[in-house]
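Taking it in order: structure first as structure tokens, then the write-up.
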């Protein structure tokens, strides 16, 4: 990646947006809107928003791994699966309540992250990506075996989680919970990137040889990045399992990993706001295409293969963003903003 | 190539790194047909950058031309791709990474692309190269990675010649070579100039060896030309003696600035 | 014995497939994760041409191959070349995106129904008794012969022709190649064309021998282990790599479970990455570059 440090570095441009005053004002406005919004919108839109928030948590985890620490991973879906299956085993089989289940899922994810991180010490770039991909398939295989052996061929059902006295059984309740949870995640991650750990990660990303010569313990920070990221991803997977009330290995495909990578790229690498924008974009896109197709009233063929349309469009967008705007939406925003400023 | 005389004209060249750091400032010189021009200077003076700018290596090195022009046979070289520049007759022998290590000597020589369509002429050139460097002929089937330093340099020059150049740019020929080999290589270069009718732009730290065959010399320091002239003039110049020939009296540390006044 | 024959056929198929990864890796230093989809496209083009021109029979194969090769060159120019200065991972993501795009469009054009191209052309894929206890189908044999022929031709090409030498030169040091007058963009474009050529050939053979539907692109990822096990930048490693992966997969089917056979290539991939990342015959320095 680029060898330039400092605020002119493209990956640091996105951080500037996070820090400027106007962002704070916008955030406060958004907050007030968020608080009253759920009562004015349909259940369907609420569901989309909830899914966006869920995706956001996993997307941030990936963004921290790839965008901040510069470690390549193609195994994201695998870790989501870990969270989901841990939930199935711990909550459903063993009857653990909500919060402990989440914690256990996170811890299992972290432990697994440690194992996945170990090869990262030897491998770089493409080879690391391959390794993580292999791990993804192995996790998925194991999940499939579990489903098969325990006769859950159609999937495992999860009950509604209880948060103290409150049962999360409606879209609105989930919304407030997820909004609060994501805000905590947002602030925590944002803070993290400004601590020593965060800066060490960025040094790793830019030039790990240089980082090593500056006294950064490369191995330790690489592992830390994997552990943190997989822990949070697993947590997101667990939350997802609770929200959808369902766990099945079919959901965790390589394509899911790609969706998350797309979120990170389309939103903007190395930025938490970017993770959110990307998560929103990728989650909302299929529905937009649905509406477009309805609107255009196009021929039966396209309508009946609507999934393929979304699939192709998604691939096309990925390619276009990568070639023309690698900074993602945030990058476009940056450019527009600077041009308007003149 | 244009119908004009075969010459490289560099005028008022300004080259920058990463759009900010000045690497070369106001460089001007000419290389005419069958001339050997030598660029001298210490490490980091900008000699290699000059060659890179001429041979078209911008993006990979992060350099760009801010001002000035490079004319080869009347046509500007600015903005041309490296392989286009090679095909127009300007060939660079780089300082590092000069041969293909996984290919044999013979295959190395087959890679060069030249405008010469006449296969008879191509064979002629090949035979001339073997006459200059007989050892290449005997090592034809050997993997190039196993050649010694001097042999690599010979192969590298041979490959460059197979591109039918009119102008040869050579970066640090003498690095890492024994004095005996250096002098024989220099002799061969001098011969080539007449036999093959090529001009040579020679970048060298070893001023003595270079000035031995050059028609003219330029001294670079910090990206600018601080001194130029014919070999006799340069060698007799006290500054050259101090900085390159190590003849300075250690009590009198001097800098270029002291000389620039005249 | 039948097991051995099956392994051989699978090795041939995987070799044909895997060499495409190596060609592209040597040229562009990246993994073309859309290779599986391109292989699938080969099958689909074959099918379409067969449907429209059934009278051409076997001739359709070379025509399809040429079309796919041209497509490969087009893909290089439009989507890979623009990524020249960017990090390699980004270029790999572009190939992933391309793969998704191709798969989506394939479903739109040809639906997810399973097709059997041979029935359209009227060629029969019959089982033939080769030796006692060994039965191979026509296309099994064609796979063996085809892979062998392609490998031989490729080997001769890359070792002895001027362009082949230039390809090797550009793969080793693109900058030096440029300094010697080689237009490496053209070299890379041809590399991509060659890779799609071999890949789509594998696709045609598989589509004819087994079946044709959008899911066969998964084979691409399996064949990928072949390239890694053999060495991403090594032509010599393709056959041994293919042999290892094919053996592992078939043995897994018989002695463990069919489901396991699907991930056997990945297990091998992981093991290789852990103990010898540069594969059996790859160059160790490659790791540092990445």
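The values are calculated or read from the model by the stated rules, or taken from the named source; none is laboratory data. Bear in mind the structure is a predicted one, so any value in this text is a computation, not a measurement. No Cβ is skipped: glycine too gets one built from the backbone with ideal geometry, and neighbour counts run over all protein chains shown.
A few remarks follow.
- Screening residue B:180 on (1) in contact with a helix residue (DSSP H, G or I) (Cβ under 6 Å, 6 or more places away or on another chain); (2) assigned to a helix (DSSP H, G or I); (3) surrounded by fewer than 20 Cβ atoms within 10 Å (Cβ to Cβ) shows it passes everything except condition (1).
- With respect to the conditions (1) modelled with pLDDT of 85 or more; (2) away from chain C (no Cβ under 13 Å); (3) buried (at least 21 other Cβ atoms within 10 Å of the Cβ), residue A:244 falls short on a single one, namely (3).
- Set A:176, A:152: member being part of a helix (DSSP H, G or I) and farther than 16 Å from residue A:83 by Cβ: A:176
- Segments classed as strands (runs of 3 or more DSSP E), wholly inside region B:55-171, with at least 3 members that are within 14 Å of chain C (Cβ to nearest Cβ), touching a strand residue (DSSP E or B) at 6+ places or on another chain (Cβ under 8 Å) and buried (at least 17 other Cβ atoms within 10 Å of the Cβ): B:90-93, B:167-171
- For region A:69-82, the criterion of being modelled with pLDDT under 90, within 14 Å of another protein chain (Cβ to nearest Cβ), surrounded by fewer than 23 Cβ atoms within 10 Å (Cβ to Cβ) and under 30 Å from residue C:29 (Cβ atoms) is met by none of the residues.
- Exactly one residue among A:53, A:112, A:130 is out of contact with any strand residue (DSSP E or B) (no Cβ under 6 Å at 6 or more places or on another chain), surrounded by 15 or more Cβ atoms within 10 Å (Cβ to Cβ) and within 13 Å of chain C (Cβ to nearest Cβ), and that residue is A:130.
- Yes/no for residue C:149 being under 24 Å from residue C:12 (Cα atoms), surrounded by fewer than 23 Cβ atoms within 10 Å (Cβ to Cβ), more than 14 Å from chain A (Cβ to nearest Cβ) and under 18 Å from the mean Cα position of the chain (by Cα): yes
- Here region C:122-146 is the region considered, the condition is being under 24 Å from the mean Cα position of the chain (by Cα) and more than 18 Å from residue C:60 (Cβ to Cβ), and the residue that is surrounded by the fewest Cβ atoms within 10 Å (Cβ to Cβ) is C:141.
- Residue among C:263, C:204, C:253, C:218 that is closer than 27 Å to residue C:113 by Cα, buried (at least 24 other Cβ atoms within 10 Å of the Cβ) and more than 14 Å from chain B (Cβ to nearest Cβ): C:204
- Restricting region C:49-64 to residues that are surrounded by fewer than 21 Cβ atoms within 10 Å (Cβ to Cβ) and in contact (Cβ under 8 Å) with a residue 40 or more places away in the chain leaves a set whose member that is nearest to the other protein chains (Cβ to nearest Cβ) is C:51.
- All positions within region C:231-240 that are assigned to a helix (DSSP H, G or I) and either over 14 Å from the mean Cα position of the chain (by Cα) or under 17 Å from residue A:131 (Cβ atoms) (or both): C:240
- Top-ranked residue in region A:320-339 [being facing chain C (nearest Cβ under 7 Å) and surrounded by fewer than 22 Cβ atoms within 10 Å (Cβ to Cβ); ranked as nearest to the chain's Cα centre (by Cα)]: A:326
- Test result for residue C:188, within 19 Å of the chain's Cα centre (by Cα), within 14 Å of chain B (Cβ to nearest Cβ) and under 30 Å from residue B:87 (Cβ atoms): yes
- Filtered residue count, region A:50-93, keeping only those that are farther than 25 Å from residue A:200 by Cβ and more than 14 Å from the chain's Cα centre (by Cα): 11
- Considering region C:78-95, and only residues there that are more than 7 Å from chain A (Cβ to nearest Cβ) and more than 16 Å from residue A:316 (Cα to Cα), the residue that is farthest from the chain's Cα centre (by Cα) turns out to be C:85.
- For residue C:73, the criteria (1) within 14 Å of chain A (Cβ to nearest Cβ); (2) touching a helix residue (DSSP H, G or I) at 6+ places or on another chain (Cβ under 7 Å); (3) at pLDDT 80 or above hold in every case but one, which is (1).
- Single residue of region C:96-121 satisfying the filter (within 12 Å of chain A (Cβ to nearest Cβ) and part of a loop (DSSP other than H, G, I, E, B)) that is surrounded by the most Cβ atoms within 10 Å (Cβ to Cβ): C:111
- Residue within region A:101-122 that is over 18 Å from residue A:230 (Cα atoms) and part of a helix (DSSP H, G or I) present: yes
- Filter pass, residue A:30 being surrounded by 17 or more Cβ atoms within 10 Å (Cβ to Cβ) and either within 14 Å of chain C (Cβ to nearest Cβ) or modelled with pLDDT of 75 or more (or both): no
- Test for residue A:288: is it more than 11 Å from the chain's Cα centre (by Cα), touching a residue at least 60 places away in the same chain (Cβ under 8 Å) and surrounded by fewer than 24 Cβ atoms within 10 Å (Cβ to Cβ): no
- Any hit, region C:269-285, residues being out of contact with any helix residue (DSSP H, G or I) (no Cβ under 7 Å at 6 or more places or on another chain), in contact (Cβ under 8 Å) with a residue 40 or more places away in the chain and either more than 11 Å from every other protein chain (Cβ to nearest Cβ) or not in a loop (DSSP other than H, G, I, E, B) (or both): no
- Residue match in region A:302-319 (condition: free of Cβ contacts under 8 Å to residues at least 24 places away in the same chain, within 14 Å of chain C (Cβ to nearest Cβ) and out of contact with any helix residue (DSSP H, G or I) (no Cβ under 7 Å at 6 or more places or on another chain)): yes
- When restricted to residues that are in a helix (DSSP H, G or I) and more than 7 Å from chain B (Cβ to nearest Cβ), region C:159-176 contains 8.
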